[in-house]
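Worksheet: one structure, shown below.
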């Protein structure tokens with residue numbers, strides 16, 4: 001499939017899931033749906049794990065997809081799904097057939113005003129050594145300035161391509177220095193999304209929505225990768241040719 005061309009490797013399988021606890025059967029179903037979809041698409045993963053923090057009544061899924069073999073400039077795509085007890089409770093009330101959900105008897109949750117949404121973070125990790133060419137005849141902070149230029153171009157192109165679909169998107173970088181000047185030792189592009197589950201009616205409906213949402217995330221990521229690769233390549237050629 002074209003939308004997965006940056007992710008696919010038929011020899012890699014997702015790691016086994018650990019139980020996520022009895023308080024989150026809806027989220028566990030979401031996780032299992034994502035795992036099944038990832039496996040069916042033969043997506044090469046670095047890690048696939050759930051986490052649970054009872055001190056803040058939250059849980060989540062961390063999915064790391066390896067891109068390095070298909071992209072010289074972007075090493076990894078991370079997709080993080082965040083969930084909590086309040087959303088689990090609201091959705092348990094909403095979906096048909098979940099009368100026996102364990103959280104429905106928790107009095108503290110009955111006043112919850114949370115909307116049935118799931119928060120998603122997409123994070124692309126770039127390869128600093130490939131994105132900042134060394135120019136022997138140049139000194140100073142030229143590598144950092146060079147990266148800042150194509151990062152700005154990528155941000156503008158993403159906004160032009162996605163427009164109103166773009167939620168919060170930002171760059172995270174770390175700066176180091178050597179005898180030739182400053183450079184970026186870590187470069188990450190991060191986008192935040194929120195999917196509304198308010199129209200789902202039962203578990204089958206929820207699973208179908210999750211599959212469609214994952215597909216849209218992969219399509220978006222594939223487009224971001226293509227945009228980034230083209231602009232970085234163009235920028236490198238402009239200073240090395």
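The values are calculated or read from the model by the stated rules, or taken from the named source; none is laboratory data. Worth saying up front: this structure is predicted, and the values here are computed from it rather than measured. Backbone-built Cβ (ideal geometry, glycine too); neighbour counts: all protein chains shown.
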In this structure, does residue 127 turn out to be over 30 Å from residue 28 (Cβ atoms) and modelled with pLDDT of 90 or more?
yes
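Test residue 66 against the criterion of being farther than 22 Å from residue 212 by Cβ and either buried (at least 16 other Cβ atoms within 10 Å of the Cβ) or at pLDDT 90 or above (or both), and give yes or no.
Criteria met by residue 66.
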Filtered residues of region 111-129 (kept if touching a residue at least 12 places away in the same chain (Cβ under 8 Å) and surrounded by fewer than 21 Cβ atoms within 10 Å (Cβ to Cβ)):
112, 114, 115, 117, 119, 120, 121, 122, 123, 125, 127, 128
Would a scan of region 176-189 turn up a residue that is over 21 Å from the mean Cα position of the chain (by Cα), buried (at least 19 other Cβ atoms within 10 Å of the Cβ) and either at positive phi or outside any helix (DSSP H, G or I) (or both)?
yes
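Scanning for something in contact with a helix residue (DSSP H, G or I) (Cβ under 8 Å, 6 or more places away or on another chain), under 20 Å from residue 126 (Cα atoms) and without any contact (Cβ under 8 Å) to a residue 60 or more places away in the chain, does region 147-163 turn up at least one residue?
Looking through region 147-163, at least one residue is in contact with a helix residue (DSSP H, G or I) (Cβ under 8 Å, 6 or more places away or on another chain), under 20 Å from residue 126 (Cα atoms) and without any contact (Cβ under 8 Å) to a residue 60 or more places away in the chain.
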Examine region 156-171 for a residue that is surrounded by fewer than 16 Cβ atoms within 10 Å (Cβ to Cβ) and at pLDDT 95 or above, and state whether such a residue exists.
no
Taking the criterion of being at pLDDT below 90, more than 24 Å from residue 212 (Cβ to Cβ), surrounded by fewer than 17 Cβ atoms within 10 Å (Cβ to Cβ) and touching a strand residue (DSSP E or B) at 6+ places or on another chain (Cβ under 6 Å), would at least one residue in region 24-47 satisfy it?
no
